[in-house]
Structures are given as C-alpha cells and as structure tokens.
C-alpha cells in the first residue's frame with residue numbers, strides 16, 4: 001500500500017529530524033546554525049508541547065524521549081486507521 005509507505009516514511013523522517021535536533025543541543029552553537037534553525041522551525045513546536053508538562057530533572061530534559069514515544073503511538077494509530085479504509 002503506497003499510502004501506508006508514505007505515512008511511515010514521513011514519520012520516520014520527522015523522528016530522525018527530532019533526534020538530530022536534540023543531539024545538536026549538545027554542541028555549542030549547533031542549533032544557531034542555518035541547519036539548526038531550519039530543524040528548529042519544524043521540531044521546536046512539537047517539543048515545546050511536551051516541555052510544558054515534563055520539567056527537566058537535574059538539568060536534563062526527558063521530554064524529547066516522551067515526544068518520540070508519543071510520535072510512535074500517533075504513527076501506529078494513523079496507520080491502523082488508514083489500513084481500515086484501504
């Protein structure tokens with residue numbers, strides 16, 4: 001099914017973008033680069049949603065992990081719904 005493949009690839013691409021964006025926070029000025037700013041436009045709004053509910057513990061934010069898990073649940077639910085119709 002082409003539509004399921006497209007949905008899965010888009011979610012995988014966004015998950016990869018989230019991981020890269022989060023890893024960029026470990027390097028000084030990486031998120032301020034052009035690439036970091038581009039990723040920030042796509043990733044930061046989604047991550048901000050989880051930052052409101054999950055406070056950092058010891059200066060380490062665990063919200064990206066929860067965001068990735070939530071993205072997997074959303075992906076699985078969307079694939080299930082689409083597969084019921086096609």
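Values in this text are rule-based calculations from the coordinates and carry no lab data. Predicted model only: the values in this text are computed from it and were never measured. Positions of Cβ are generated from backbone atoms using ideal geometry, with glycine treated the same way; all protein chains shown enter the neighbour counts.
Net length available on complete extension from residue 44 to residue 25 is 5.7 nm, with 0.36 nm assigned per residue and the Cα-Cα distance removed.
Taking all Cα pairs closer than 8 Å and separated by 6 or more residues, the relative contact order of segment 8-86 comes to 28 percent. Working from label points 7 Å from Cα in the Cα-to-Cβ sense, the residue 10 to residue 52 distance is 2.3 nm.
Scaled against 2.2 N^0.38 Å for its residue count N, the alpha carbon radius of gyration of the chain is 1.24.
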